[in-house]
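First comes the structure, then the notes that go with it.
The values are calculated or read from the model by the stated rules, or taken from the named source; none is laboratory data. If you're wondering where the values come from, they're calculated on a predicted model, not measured in any experiment. Cβ atoms come from the backbone with ideal geometry, glycine included; neighbour counts cover every protein chain shown. Side chains are part of the model used for accessible areas, which takes the heavy atoms of the whole protein and leaves out ligands, DNA and RNA. Shrake-Rupley method; radii C 1.70, N 1.55, O 1.52, S 1.80 Å.
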Amino acid sequence: MLKNLLDGYSYYLIIDLEATCCDKNTVPREAMEIIEIGAVLVDANTLQPIDEYTTFIKPIRYPTLTSFCTELTSITQEDVNKAPEYTEAIQGFKQWFNHYQNFVFCSWGDYDYKQFKQDSHYHQLPFPIDAPHVNIKKVFAEQLQLPRPCGMHHALRQVGLKLKGTHHRGIDDARNMARLMPWIIGK
């Protein structure tokens, strides 16, 4: 059972990333860069959020956001222009989550894990999170015995919850995933 991958931890570090993107192939997939980290730390016993973190990140390969990216995420050019670059942003993020021990990195799908790998490789930095990764999208589908995994917005509707905040904003999506943890864990 996939749910067993979440056993034995004190916290669930739920992360959602937003990255540069386009709808006209002007930003190649392999050149997409993280522009927002949204993270919510959930207590594994109570399944309640206990802390959260968010930061924008200034992209350097394609520094100008496409209108598609801004429309999708609501992240503006001004947001990323005044943000730290990846190296500095990751340092701040690590300082935040290093206050906590015995957590597992959770994301809705494998995209966030792969994007961290891609950006870390590009910036010649080690992978920022020294914890196992669990795709909670798959765990949710297994727990609810769905024929296949679904998007996070659909998952919320599946359990009778409404989306809070702006979909495709890292911090809002991380908060919504935190709300799904009782169903993911089976409590």
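Worth a mention:
- Over the chain, DSSP H runs of length four or greater, each weighted -39,500 (n - 2.57), average out per residue to a 222 nm ellipticity of -10500 deg cm²/dmol.
- Rounded if a/c under 1.5, otherwise prolate or oblate - the range 49-155, Cα gyration tensor axes: oblate
- Carbon plus sulfur fraction of accessible area for the chain, probe 1.4 Å, in percent: 49
- Straight Cα distances below 19 angstrom link LYS162 to the aspartates and glutamates ASP16, ASP172, ASP173, with same-chain residues fewer than 8 positions distant left out.
- Structure-derived P(r) over Cα pairs in 10 Å bins from 0, in percent: which label, when the choices are (i) 8, 30, 30, 16, 10, 5, 0; (ii) 9, 38, 36, 16, 1; (iii) 8, 30, 29, 21, 10, 1, 0: (ii)
- DSSP finds beta bridges in the range 1-151, and of those with both partners inside it, around 70 percent are antiparallel.
- Think of the chain as a dipole: +1 on every Lys or Arg Cβ, -1 on every Asp or Glu Cβ, centred on the Cα centre; then among ALA39, ASN135, THR76, ASN135 lies furthest on the positive end.
- When only the Cβ of Lys, Arg, Asp and Glu is charged (+1, +1, -1, -1), the dipole of the chain relative to its Cα centre reaches about 580 debye.
- Subset of LYS114/LYS138; LYS94/LYS114; LYS137/LYS164; LYS94/LYS117; LYS114/LYS164; LYS58/LYS117 violating a 21 Å alpha-carbon distance limit: LYS114/LYS164
- Which of THR166, LEU6, ILE90, positive extreme of dipole for the chain (C-beta unit charges): LEU6
- By a 1.4 Å probe calculation restricted to protein chains, TYR9 has an accessible surface near 60 Å², given to the nearest 10.
- Per residue, in Å², the accessible surface of the chain once ligands and nucleic acids are set aside, probe 1.4 Å: 50
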